[in-house]
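Worksheet: one structure, shown below.
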Amino acid sequence: MFDHLSVGVRDLAQASAFYDAFLQPLGHAQTHASDRELGYGPGGMGAQLYLYPVSGEQVAGLGTHIAFSADSRAAVDQAYAAALSRGATSVRAAGAHPDIAADYYGAILFDPDGNKLEIVAGTMH
């Protein structure tokens, strides 16, 4: 359905440190960086997620929510820990959440700019 996603951030250098650490356990890396945007893709190939600088207090849009797939529960745990160590706020800790789905294992947090991020290992349906 999607070719790529773009997300606004206040500080590209801070976002680079955050997303480099957060996405590494999920198998994604920076594809390119400039003073106008950062690009991330699987294995560092072909950007699918773009970060770009915006100004003002309201960076994240109402209801913004991006869910990232993880290959394992360990990858969920690693990405969650990396995000927290770089300023994320936990909404739902990494772990099994049968209230979402019987085999769901994941986490939900806000990045330093207020974008809601989810990491999922296990099906949602």
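Points worth noting:
- Between helix 12-23 and the chain: long-axis angle, C-alpha atoms, 0 to 90°, nearest 10: 30
- Near the amide H of Tyr104, within less than 5 Å, lie the amide hydrogens of His97, all on another chain or at least 5 residues away, with H placed in the peptide plane.
- GNM result for the chain, Cα springs below 10 Å: residue of Phe68, Phe110, Phe18 fluctuating most strongly: Phe68
- For region 4-20 and region 80-125, distance of Cα centres in Å: 18
- Under the Debye formula (equal points on every Cα, no solvent term), log10 I(q)/I(0) of region 1-124 at q = 0.13, 0.16, 0.19 Å⁻¹: -0.48, -0.74, -1.04
- Annotation: the residues Glu37, Glu118, sorted from fewest to most other C-beta atoms within 10 Å of their own C-beta, follow the order Glu37, Glu118.
- Extension gain (nm, one decimal) between Ser85 and His4, 0.36 nm per residue minus Cα-Cα: 26.5 nm
- Theoretical gain in end-to-end length, Asp71 to Ala96 [0.36 nm per residue, Cα-Cα removed]: 7.5 nm
A short reminder: the numbers here are calculations on the coordinates, not readings from a lab. Nothing here was measured: the structure is a model prediction, and the numbers come from that model. All Cβ positions, even for glycine, are placed from backbone atoms using ideal geometry, and neighbour counts span all protein chains on display.
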